[in-house]
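Student: First, the structure itself, so that you have it in front of you.
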């Protein structure tokens, strides 16, 4: 067996991975396994190594210590942060998606490639937008175009960097809905996010990262004041609302408002979740 | 001006050669210029044309064939620029400024000290049709064919690595090799077109057709075709004007491009302006 091949149900496995940019360690002793059909969110503060973790899984960053094993022949696809995309680049939706096609060297797509693109766009609710320039789309549509491009590679594992950064609530719901549907079809997904309440709390599995893995598990298990303080270096409270964890910045939560008055109590019934609970 | 007067220069072989070279040069620079502009490499094109001038002077001094000497010099400069740009170890603008202007200065110093070996440096600086031979036509045709071949067969990797290099790399595109190949195509294009367009004006012919094409379309495929056609038309019209107005070919081709730019700018209004401004914003292009 190839020593760099993952085994069992894992698509990719990181064993005690340490990565550095120059002399600066970005990831330290990271263990992580992603199995078929899993949906994993990676949370952590800025500079905690979330993007480096994705790049390590992809093989763009080589660890200085440890190993990255991938199942033989596993197909990965990556969706970058939309904030890094040049939205003024002259590409239509179809041209953008077709960048990911493989095999054929001719500039124009084959009939079957065109049909495949139409099918994927239709499925993601982007039918009839093939000839539209990418800037002429809403935030949710733009994100779905890049998901469509990733899907054209027929991946088993989809890696996404901050897919909901800078989007409104409706768009965030759209994106999460699409991702849950794709995950329901068996696609494994690993995404990074800063949004603990809007995204992380809705994911089945979480990894709390701050250069090293602080905790892994179901969102209800890892979204605790202790884990979050260790991850973010700032005190946070975790309340419960409608059965979902709700993370609150403790400073804001207890801070007095102008005039020296404490914030009025929230009218929605919350239950404080203690670390031990 | 009568039709006879317009057709008069076509009886001269030098003019026909010059016209073919100008049209092909415009088309080649238009085609390659799309990548130059979208990748924000216009400063490389500008610098590279100046760097090659150093190679011209060195090859004159050493008695080496101009295309071989200047070509080797240009490729070396291109690879240095490409390496500096990719590594981002120091400011690429500053590094390119040093490499290319030093190379240009070497060229001027060598010519002033040792002469230009019978070649007219002014024609290389501003473009000249009188010296265009059948050999120049064939050389340019070969470079054009090679550039079209590279862009045709590497269409998807080139587009992907121009638009989104990080994801392209993950998706199996060897972006470093693609960038190096594109830089070599750019260097070869500058070398082959310098005799007609001139060192100081090559960069403008790389940028103007691409920017005009961008003002007209939102599709990458159509931009490639439009930029090539606009470059060819500018080369053809500019060369004819050059003959009739007795002005060097380089300035006339660039001025024709500037006139086309103005016309398209007037016709497309805000939409064209927004598209062209977006290129400037993202790539730092339109500096020529």
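The values are calculated or read from the model by the stated rules, or taken from the named source; none is laboratory data. Here the structure is a predicted model, which means the values were calculated and not measured. FYI the Cβ positions are ideal-geometry reconstructions off the backbone, even for glycines, and counts take in every protein chain you see.
Student: Scan A:129, A:121, A:176 and give me the residue that is under 29 Å from residue B:155 (Cβ atoms) and either within 11 Å of another protein chain (Cβ to nearest Cβ) or within 22 Å of the chain's Cα centre (by Cα) (or both).
Tutor: Just one listed residue meets the conditions, A:121.
Student: Condition test on residue B:199, is it more than 13 Å from chain A (Cβ to nearest Cβ), touching a helix residue (DSSP H, G or I) at 6+ places or on another chain (Cβ under 9 Å) and assigned to a loop (DSSP other than H, G, I, E, B)?
Tutor: For residue B:199, the condition - more than 13 Å from chain A (Cβ to nearest Cβ), touching a helix residue (DSSP H, G or I) at 6+ places or on another chain (Cβ under 9 Å) and assigned to a loop (DSSP other than H, G, I, E, B) - is met.
Student: Now a separate question. Show me the strands (runs of 3 or more DSSP E) found entirely inside the range A:33-79 where at least 2 residues are buried (at least 22 other Cβ atoms within 10 Å of the Cβ) and modelled with pLDDT of 90 or more.
Tutor: A:39-43, A:76-79
Student: For the structure I just gave you, tell me whether residue A:33 is under 16 Å from the mean Cα position of the chain (by Cα) and farther than 21 Å from residue A:152 by Cα.
Tutor: yes
Student: Further question: Return yes when residue A:82 is closer than 30 Å to residue B:152 by Cα, more than 10 Å from chain B (Cβ to nearest Cβ) and touching a residue at least 12 places away in the same chain (Cβ under 8 Å) and no when it is not.
Tutor: Spelling it out, residue A:82 is indeed closer than 30 Å to residue B:152 by Cα, more than 10 Å from chain B (Cβ to nearest Cβ) and touching a residue at least 12 places away in the same chain (Cβ under 8 Å).
Student: Looking at (1) farther than 30 Å from residue B:35 by Cβ; (2) touching a strand residue (DSSP E or B) at 6+ places or on another chain (Cβ under 8 Å); (3) touching a residue at least 40 places away in the same chain (Cβ under 8 Å), which is the one condition that is false for residue A:91?
Tutor: The failed condition is (1).
Student: Sort through A:158, A:182 and tell me the only one that's at pLDDT 95 or above and within 22 Å of residue A:37 (Cβ to Cβ).
Tutor: It is A:158.
Student: Residue check: is residue B:195 at pLDDT below 90, within 18 Å of residue B:229 (Cβ to Cβ) and crowded, with 24+ Cβ neighbours inside 10 Å?
Tutor: No: the conditions fail for residue B:195.
Student: Could you go through the range A:5-22 and let me know if any residue there is outside any strand (DSSP E or B), touching a residue at least 60 places away in the same chain (Cβ under 8 Å) and within 15 Å of the chain's Cα centre (by Cα).
Tutor: No, there is no match, as no residue in the range A:5-22 is outside any strand (DSSP E or B), touching a residue at least 60 places away in the same chain (Cβ under 8 Å) and within 15 Å of the chain's Cα centre (by Cα).
Student: While we're on this one: Mind telling me which of the residues A:246, A:223, A:206 ends up being surrounded by 19 or more Cβ atoms within 10 Å (Cβ to Cβ) and modelled with pLDDT under 90?
Tutor: None of the other options fit; the residue is A:223.
Student: Look through B:70, B:78 and report the one residue that is under 16 Å from residue B:179 (Cβ atoms), under 20 Å from the mean Cα position of the chain (by Cα), modelled with pLDDT of 75 or more and assigned to a helix (DSSP H, G or I).
Tutor: B:78
Student: Additional query: Tally up the residues in the range A:86-98 that are within 7 Å of another protein chain (Cβ to nearest Cβ) and either under 22 Å from the mean Cα position of the chain (by Cα) or not in a loop (DSSP other than H, G, I, E, B) (or both), please.
Tutor: The total comes to 3.
Student: What is the number of the single condition among (1) more than 8 Å from chain A (Cβ to nearest Cβ); (2) in contact with a helix residue (DSSP H, G or I) (Cβ under 9 Å, 6 or more places away or on another chain); (3) assigned to a helix (DSSP H, G or I) that residue B:173 does not meet?
Tutor: (3)
Student: Same structure, new question: Would you pick out the residues in the range B:6-53 that are free of Cβ contacts under 8 Å to residues at least 60 places away in the same chain and more than 17 Å from the chain's Cα centre (by Cα)?
Tutor: Correct list: B:7, B:8, B:10, B:11, B:12, B:13, B:16.
Student: Considering the range A:99-115 alone, what residues qualify as being buried (at least 17 other Cβ atoms within 10 Å of the Cβ) and more than 9 Å from chain B (Cβ to nearest Cβ)?
Tutor: Of everything in the range A:99-115, those that are buried (at least 17 other Cβ atoms within 10 Å of the Cβ) and more than 9 Å from chain B (Cβ to nearest Cβ) turn out to be A:109, A:113.
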